[in-house]
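The values are calculated or read from the model by the stated rules, or taken from the named source; none is laboratory data. Note that this is a predicted model, so its numbers are computed, not measured. Here the Cβ positions follow ideal geometry from the backbone for every residue, glycine too, while neighbour counts run over all protein chains shown. Just so you know, the surface numbers come from the protein's heavy atoms only, side chains and all, with ligands and any DNA or RNA stripped out. Shrake-Rupley method; radii C 1.70, N 1.55, O 1.52, S 1.80 Å.
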Amino acid sequence: MKKANDSSKEFIKSNLDLELDKSFESACMDPDFTSLVTRLKITGEVAKKYTSRLQDTVLELNNCKKCRSLLECKNQVEGCVSYPKVNDDRLRFDYVACKYKNRDLEDKMYSSNVFEEPEIIKNARMADIDLTDKKRAHVIKWVKKFYTDYQNKKDIKGCFLHGSFGSGKSFILAALLNELARKKVNTTIIYFPEMLRNLKESFNDDFDVKMEMLKKTDILLIDDIGAETVTGWSRDEILGTILQYRMDSKLPTLFTSNLKLDELETHLANTKDSIDMVKSRRIIERIKQLTDDLELVSENRRK
């Protein structure tokens with residue numbers, strides 16, 4: 001009886017393998033399919049296991065070629081492509097946002113409460129930065145160098161700009177990113193406490209897409225870190241995940257804060273449930289790897 005069961009299982013497995021081979025051979029007739037497999041640098045055996053999923057990716061990529069807006073999107077998740085990432089001999093499929101989805105998300109991030117003075121931040125330009133305050137000289141010099149180096153495609157760090165309230169930290173760095181955005185650089189500016197609230201409300205909507213945008217945008221400015229209420233989720237799952245990805249990918253990340261790094265470390269360690277200096281220190285070490293430490297102490301311009 002056992003031999004009969006084993007034979008039956010082998011027969012079913014053999015048929016499944018044959019069906020898989022046929023499906024893969026048929027898919028390989030499509031040049032877009034073979035191009036994707038080549039681009040991923042995977043073997044035929046690996047690709048064969050994911051034939052159906054890879055075909056879905058090809059279909060969605062082709063949909064994107066003809067698409068002109070989110071309203072025209074034909075993909076399963078609006079504004080996204082289910083795209084594979086190679087992990088050893090396995091593929092993991094993540095939703096990657098298109099340019100129209102990213103633009104839509106960026107607009108949503110700029111809700112009326114994102115910044116205390118949102119219109120000023122949105123419209124900030126380097127030409128509008130006050131150069132008369134000598135206390136700003138070292139920051140202005142850093143901004144100009146970053147602007148030049150980034151356009152020359154140099155591998156550069158962002159900055160952790162901390163200092164007194166109302167000294168213009170957000171305006172100066174927003175002006176830098178706005179100028180680069182005009183050069184077709186994908187930049188994202190987020191007010192950190194509002195970003196956390198936004199993500200918390202997105203669990204059943206487009207949380208993954210927003211996280212991908214924050215991880216992968218060319219330049220990210222995290223404004224007013226240290227003003228948020230710390231939780232293990234916000235520190236480890238959100239901030240830690242974003243910073244680790246950007247550090248590994250060498251993507252410039254900028255911060256503004258009213259706290260120095262050692263003060264921020266204490267702040268991040270304290271949640272309502274516990275004190276964890278080890279996890280806080282991990283975040284600080286990532287920030288140090290990503291940035292130059294700059295201080296701006298000046299008059300309060302919000303007066």
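Largest accessible area first, the listed residues F24, F192 line up as F24, F192 when surface is computed with a 1.4 Å probe on the assembled protein chains. A 1.4 Å probe run over the protein chains yields, for the chain, 58 Å² of accessible area per residue, whole-number rounding. For the residues W142, W233, a 1.4 Å probe over the protein chains yields an accessible-area ranking, largest first, of W233, W142.
You can think of it this way: the chain between T132 and E295 has 57.0 nm of extra reach, that is 0.36 nm per residue less the Cα-Cα gap.
Computed about the Cα centre, the dipole magnitude for the chain is approximately 760 debye when only Lys and Arg (+1) and Asp and Glu (-1) carry charge, each at its Cβ. The fraction of all Cα pairs in segment 157-303 landing in successive 10 Å bins from 0 to the largest distance is 11, 42, 37, 9, 0, given as whole percents.
Would you mind giving the three semi-axes, in whole Å and largest first, of the ellipsoid equivalent to segment 219-296 according to its Cα gyration tensor?
So the equivalent ellipsoid measures 19, 15, 11 Å along its semi-axes.
In this calculation the C-beta distance from T231 to R103 is compared with R0 = 30 Å, giving a FRET efficiency of 0.50.
Would you mind telling me the share, in percent, of accessible area of the chain contributed by carbon and sulfur at probe 1.4 angstrom?
Numbers: 8700 of 17490 Å².
Here it works out to 50 percent.
Projecting the Cα positions of S164, N178, I190 onto the charge dipole of segment 153-227 (unit charges on Cβ atoms of Lys, Arg, Asp and Glu, taken about the Cα centre) puts N178 furthest along the positive direction. Extension gain, T148-C28: 0.36 nm per intervening residue step, less the Cα-Cα distance, totals 38.7 nm. Give me the percent of Cα-Cα pairs in the chain that sit more than 25 Å apart, rounded to a whole number. Summing the P(r) of the chain above 25 Å gives 58 percent of all pairs. Counting only protein chain heavy atoms and rolling a 1.4 Å probe, the accessible areas of R90, R53, R125, R103 rank, largest first, as R90, R103, R53, R125.
What FRET efficiency comes out for the pair Y83/T266, r = Cβ-Cβ distance, R0 = 30 Å, nearest 0.05? Display every interim value, and only then the final one.
Details: r = 40 Å, r/R0 = 1.33.
According to the calculation, E is roughly 0.15.
Take every pair of alpha-carbon atoms less than 8 Å apart whose residues are at least six positions apart; their mean separation over the length of segment 172-276 yields a relative contact order of 29 percent. A simple packing score, the average count of other Cβ atoms within 10 Å per residue, orders the peptides 268-278, 160-170 as 160-170, 268-278, with the highest score first. Distance between the C-alpha centres of segment 39-80 and segment 243-292: 36 Å, rounded to the whole angstrom. Under the criterion of Cα pairs below 8 Å and six or more residues apart, the relative contact order for segment 120-209 equals 38 percent. Taking every protein chain into account, the 1.4 Å probe leaves E194 with about 20 Å² of accessible area, to the nearest ten. Using a 7 Å offset from Cα along Cα-Cβ at L61, what residues in segment 213-253 end up with backbone N under 16 Å from the label point? It comes to no residues whatsoever.
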